[in-house]
Each structure stands twice: as structure tokens, then as C-alpha cells.
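Novice: Provided herewith is a single structure, encoded as C-alpha cells, for subsequent inquiry.
The values are calculated or read from the model by the stated rules, or taken from the named source; none is laboratory data. Since the model is a prediction, treat every value here as computed from it, not as a measurement. All Cβ positions, glycine included, derive from the backbone under ideal geometry; neighbour counts span all protein chains shown.
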Amino acid sequence: MIATIGKIYRFMGRHRSKIWGTFAFGLFNAVSRSLELGALLAVLNALVAGGLTRAVMWQSLFIMLASIAGKFIFGYIAQLLRNQCGFLAAADKRVEIGDRIKKMPMGYFNEHALGGITATLTTTLFDIENMAPLVLEKLFSGALDVLLLTSVLAIFDWRISLLVLLGTLCFFAMNGILQKRACTAAPRRQAAQAKLAEAALEYIQGMGVVKAFGLEGGAGRKIAGAIDDSRTFNTGLEVAFVLPIALQQMVLRGFSVVVVLASLIFYFNGTMTLSTCLTMLVASFFVYGALETAGSMSSMLRNLDYSIDKVLALENAPIMDVDGRDIAPENFDIVCEEVGFSYEEKPTLRGISLTIPQNTTTAIVGPSGSGKTTLCHLISRFWDVNSGSIRMGGEDVRHYSLDALLKNISMVFQSVYLFNDTIENNIKFGMPDATRAEVIAAAKAAQCHDFIAVLPQGYDTVIGEGGATLSGGEKQRVSIARALLKDAPIIIFDEATANIDPENEEKLQGAIEALTHGKTIIMIAHRLKTVRRAHQIVVLDGGEIVQQGGHGTLIEADGIYRDFVQMRRQAIGWKLGT
């Protein structure tokens with residue numbers, strides 16, 4: 001328990017002072033509660049002595065009012081600090097993890113399911129921000145209440161004080177059993193929550209495939225199973241805690257009864273006064289109240305312990321930008337030297353040596369799985385090479401900070417992702433401080449101003465998650481506008497025109513020409529007229545460079561490139577029979 005409490009405390013980071021504030025006002029709150037016993041004692045003493053006067057009544061009333069006011073004021077402040085601590089600490093962690101995710105190698109997301117990461121940032125942190133400060137406060141206030149009341153009772157009768165203390169020790173013994181149960185159940189609950197998040201994301205993201213193949217029943221069964229597992233584990237978690245929590249309560253209630261019986265015995269054998277006996281009888285009903293609440297809350301400790309471990313695992317995930325420097329390259333030549341890379345145990349690139357001079361266009365072609373996209377990702381440092389090196393401006397890309405490297409590179413992907421935001425903000429993603437005039441200029445150059453202008457709110461139109469309300473060609477042109485606005489000296493095209501319909505192809509080609517003027521271009525392309533204009537063509541097969549040169553040279557040689565050109569010409573010349 002102590003280790004978990006320490007872990008929660010450390011998790012709060014720069015907001016730990018609010019925890020101490022919560023404890024301080026919790027102390028004042030506990031003192032305010034103990035005043036109730038003082039008021040009651042004054043009345044009982046007066047009744048027993050037969051001297052209950054108005055002065056005593058007013059005195060007791062004043063003490064009770066002070067107790068009520070203290071509980072309200074100090075309890076409110078303690079709760080406010082507690083909630084602020086949880087929400088602010090969780091917000092800090094989300095921001096820290098968000099910043100770290102940008103620096104993680106893309107391989108991390110291949111090895112860790114998106115649903116698990118999502119569950120950690122949502123459900124897991126939600127549990128922590130709501131429960132962690134509350135559990136700490138209740139445990140502290142519960143222990144403090146018992147300590148204060150035990151000290152007060154000791155003034156009147158040390159024997160009753162010892163009984164209360166013995167009950168407290170028995171309570172903590174039962175709490176140890178509860179913690180063992182929680183230690184077993186918490187990881188299973190977290191796994192079920194992660195599985196549910198994964199299934200929900202998969203179901204929603206794959207809805208098009210589900211409908212297209214009539215798989216509503218099968219896909220529905222998977223998410224229904226995940227929901228059922230989550231329900232089962234959460235219910236099981238509660239059931240597992242019922243008996244230990246009930247035993248804790250029985251121990252405390254049992255010792256309350258023992259305090260009543262002991263007080264009566266001491267009174268009848270003449271070792272306790274009537275007023276003290278009556279005080280002990282009343283005190284027995286609320287001496288364990290706060291501790292009982294703390295006991296029920298302590299069942300969350302192990303779940304919080306495991307939740308914090310999940311967050312810390314994500315927060316401490318490996319990153320690539322550790323010692324990077326903000327380097328400003330003198331030129332934008334790109335040199336790959338004996339580059340090797342593997343996805344887990346599968347070799348993808350072997351001994352790639354390639355020079356891409358500044359302000360030239362390099363086309364990369366090759367069959368599927370030959371390593372074209374991987375090479376582009378290594379240049380932009382989505383991953384780090386396993387062997388060899390990639391240099392930009394004479395400096396290894398691993399020596400750059402990621403921000404310094406990527407501000408020199410714009411990427412236009414085949415699969416464009418647009419955010420659930422306005423078109424203007426999606427274009428400004430390449431330059432957040434851009435003006436509306438600069439956004440419009442980029443959109444015009446990217447051939448997308450005309451279709452934006454006729455949308456309901458123009459550039460302020462929210463386009464939905466993933467750009468769902470736009471066609472493929474429109475999304476592609478918006479992504480080019482984004483790259484134009486960034487105005488980076490190096491442009492990487494990853495099959496950006498592969499799936500564009502003929503209607504949009506001419507406009508897209510115009511957008512690409514505007515984007516690529518005076519830039520260093522690396523393009524993965526299958527369209528013949530795009531490839532043949534490149535300064536150099538690199539042909540990959542099986543993760544190796546098998547051909548390299550200009551179109552004229554490669555078309556004369558036997559090999560993959562000539563076969564590629566012939567297949568493209570046949571596809572272009574193919575017509576329906578009459």
C-alpha cells in the first residue's frame with residue numbers, strides 16, 4: 001500500500017503541492033468533525049450533573065455551528081484542490097505523451113495496438129485523474145480521523161482508546177486481503193478495457209469493408225464479445241471486492257459494539273463515570289466512519305497502481321530524437337550509404353547506396369514490397385536505419401532534432417489523412433501561423449480553391465474526420481496545398497497520384513508542378529509520364545537497387561524498368577473491343 005501511495009504521489013508531478021493542500025485542509029476538516037464530540041460531551045456532562053443551563057446550550061450550539069462551518073469550508077477547499085490535482089496531472093501526462101508520440105519510431109505503432117494506446121490515454125488516465133487524489137485524501141483523512149478521535153478518547157479512558165486502536169489494526173489486516181484480491185483483478189480489467197477500445201476502433205474504421213462484404217453479424221459479434229468481456233471483468237472486479245469490503249465493515253462495526261459493551265461494563269463496575277460512558281456510547285457510532293470510507297476506497301489502490309504502470313510504460317516508450325541538434329543544412333543533397341533496414345526479423349532494405357542531388361527529381365519504382373516506401377520513411381526518419389547512414393546536407397539525419405529535420409521535408413502520401421477541422425486549418429497544418437491570404441494562395445496553386453469556394457462555409461467548412469466529405473482527388477489537392485504552404489526544400493511523394501481518377505489527374509498534375517518547382521523531389525510513382533521526366537530513376541527489387549539511371553538509358557537495357565514501361569504502355573493503349 002505504501003509503495004502504491006508513493007507512486008501516486010510521484011505521478012502528480014508539479015501538482016504535488018495541491019495534494020499537500022488537500023491533506024492540510026483535510027486536517028482542519030477532521031478537527032472540525034471532532035468538535036462535534038466536544039459539543040456532545042459538554043451537554044452530557046451538564047445533564048449528568050443536573051446543571052444544563054442556557055449558557056451550556058448556547059456554548060454547545062456555537063461549537064456545533066463551528067463544526068458545521070468548518071466541515072463545509074475546509075471540505076470544499078480540500079475537494080477543490082483534490083480535483084484540480086487529478087485533472088491537471090492527467091492533462092500534463094496527456095500532453096507529455098502526445099509530445100513523445102511524435103518522436104517514437106513508427107515501428108512502435110506496429111508492435112502496439114492503437115486501441116491499447118487509446119485506452120491508456122482515455123480510460124486509464126480518466127480512472128487516475130478521478131480516483132487517485134480521492135483515494136489519497138480518503139486514506140489520509142480516515143487515518144487522521146481515527147488518530148484524532150483516539151487521542152481525544154484517551155483523555156477520558158485509555159482502555160477505550162486501546163480498543164479503538166485494536167479495531168484499526170484489525171481493519172488494516174483485512175485491508176491487506178483486499179489489496180491481494182485487487183492485485184489479481186486489476187491487470188485483467190485493464191486488458192479487457194484495452195481489448196474493448198481496440199475492437200471499437202477496428203469496428204468503426206472498418207465499417208466500409210463490413211458493409212461491402214455483408215459482415216455486419218461477424219464484425220458485430222467481435223465487438224459484442226469485447227463489450228461482454230469488459231462487463232464480465234468489471235463485474236468480477238466488484239464481486240471480488242464485496243467480501244473483503246464487507247469483512248472490513250464487519251470488523252469496524254464489531255469493534256464499535258465492543259466499545260459499547262466495554263463502556264457499559266466499565267460503568268457498572270464503577271471504573272467509568274456516567275458522563276464518560278455516555279460519551280463513549282455516542283462516539284462508538286462515528287469513531288470509525290471516515291476509516292470505513294477509506295477502506296472502501298482502498299480497493300482502488302491496486303487498480304491505480306496498474307493504471308499508473310500502463311501510463312508510465314507509454315511515457316517511457318523509446319524515442320528517436322534523444323541527442324538531436326537544431327542543424328541548419330548548407331545544402332539539401334541526400335546521400336544514402338549502405339543502408340540496411342528490417343521490420344523485426346524480415347530484411348526490407350539491403351546495402352542501399354544512393355545520392356540525390358539538390359534541386360533534382362528522383363523517381364523510385366519497383367514491384368510491391370521492394371522497399372520503396374520504407375526508403376522514403378528512412379529519409380524522413382520515421383524509423384532509424386539498422387546499418388549504414390542517411391545524410392542530408394552532409395550531416396547524418398540522426399544528428400538532427402526531428403523538428404529541424406522535418407521542417408525541411410514535405411510529404412504527400414497516397415492515403416491522405418485530413419483532420420476533423422476546417423479546410424483552412426487542415427491547410428495551415430503545414431504553417432500554423434499562415435494568414436488567410438497565404439492559405440488561399442496555396443489552395444489556388446494546388447488547384448483546390450474552386451471547389452473550396454463553393455462549399456457551404458468555404459474555407460471554414462468542417463470536413464469531418466479523415467476528410468470524409470471530400471473526394472479522393474480533392475483530399476489529395478488539399479494535402480498538396482498544405483505542402484505548398486510549408487514550402488519545404490525537399491518533397492517526398494509516396495504514390496500520390498496512384499488512385500486519382502482521370503477527371504482530377506490534370507488538375508493534380510498542375511498542383512504537383514507548382515509544388516515541385518525549384519525543389520529536391522523524391523517520388524514513388526507508377527505513371528509513365530511522371531517517371532520519365534525524372535533526373536534519375538532508381539529501380540528497387542527485393543530491397544536492393546537493381547537499376548539506376550535516366551529513362552533513356554534504362555529503357556534500352558533488359559530489366560525491370562523496361563518491363564515496367566511496356567506494361568504501362570499496354571495499359572494505356574488497352575481499349576474495349578467493339
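Novice: Within the bounds of region 83-98, is there any residue that is in contact with an Asp or Glu (Cβ under 9 Å, 6 or more places away or on another chain), in a helix (DSSP H, G or I) and within 30 Å of I379 (Cβ to Cβ)?
Specialist: Looking for residues that are in contact with an Asp or Glu (Cβ under 9 Å, 6 or more places away or on another chain), in a helix (DSSP H, G or I) and within 30 Å of I379 (Cβ to Cβ), one finds at least one in region 83-98, hence yes.
Novice: From the list L281, L291, which residue is assigned to a helix (DSSP H, G or I), more than 30 Å from W383 (Cα to Cα) and at pLDDT 80 or above?
Specialist: Matching residue, one of L281, L291: L281.
Novice: Here is a follow-up. Give the residues of region 380-393 that are crowded, with 21+ Cβ neighbours inside 10 Å and outside any loop (DSSP other than H, G, I, E, B), sorted by residue number.
Specialist: Across region 380-393, the qualifying residues are I390, M392.
Novice: Still on this structure: Picking from F126, F140, which residue would you name as being touching a residue at least 40 places away in the same chain (Cβ under 8 Å), in contact with a helix residue (DSSP H, G or I) (Cβ under 9 Å, 6 or more places away or on another chain) and not hydroxyl-bearing (S, T, Y)?
Specialist: Among F126, F140, only F140 is touching a residue at least 40 places away in the same chain (Cβ under 8 Å), in contact with a helix residue (DSSP H, G or I) (Cβ under 9 Å, 6 or more places away or on another chain) and not hydroxyl-bearing (S, T, Y).
Novice: I want to confirm something. Restricting to region 419-447 and keeping residues that are over 25 Å from T520 (Cα atoms) and within 27 Å of the chain's Cα centre (by Cα), which single residue is surrounded by the most Cβ atoms within 10 Å (Cβ to Cβ)?
Specialist: I423
One line per residue, one yes/no per condition, for (1) at pLDDT below 85; (2) surrounded by fewer than 16 Cβ atoms within 10 Å (Cβ to Cβ); (3) not small (G, A, S):
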| residue | (1), (2), (3) |
| --- | --- |
| M1 | yes, yes, yes |
| K7 | yes, no, yes |
| S32 | yes, no, no |
| L41 | yes, no, yes |
| L47 | yes, yes, yes |
| G51 | yes, yes, no |
| A55 | yes, yes, no |
| A69 | no, yes, no |
| F72 | no, yes, yes |
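Novice: Is it the case that region 367-383 has a residue that's within 25 Å of G518 (Cβ to Cβ) and small (G, A, S)?
Specialist: yes
Novice: Turning to a different aspect of this structure: Just to verify a result, which residue in region 352-387, among those that are on the phi < 0 side of the Ramachandran plot and of a type in the set (G, A, S), is modelled with the lowest pLDDT?
Specialist: Filtering region 352-387 for residues that are on the phi < 0 side of the Ramachandran plot and of a type in the set (G, A, S), the one modelled with the lowest pLDDT comes out as S368.
Novice: So L349 ticks every box in (1) at negative phi; (2) assigned to a loop (DSSP other than H, G, I, E, B); (3) buried (at least 22 other Cβ atoms within 10 Å of the Cβ) but one. Which box is left unticked?
Specialist: It fails just one condition, (2).
Novice: Report whether or not F266 is touching a helix residue (DSSP H, G or I) at 6+ places or on another chain (Cβ under 8 Å), buried (at least 17 other Cβ atoms within 10 Å of the Cβ) and modelled with pLDDT under 75. Show your work before the answer.
Specialist: Numbers: touching a helix residue (DSSP H, G or I) at 6+ places or on another chain (Cβ under 8 Å): yes; buried (at least 17 other Cβ atoms within 10 Å of the Cβ): yes; modelled with pLDDT under 75: no.
Here the answer is no, as F266 does not meet what is asked.
Novice: Ok, one more. Test D326 against the stated conditions and say whether it is at negative phi, among the acidic types (D, E), more than 25 Å from the chain's Cα centre (by Cα) and modelled with pLDDT of 75 or more.
Specialist: yes
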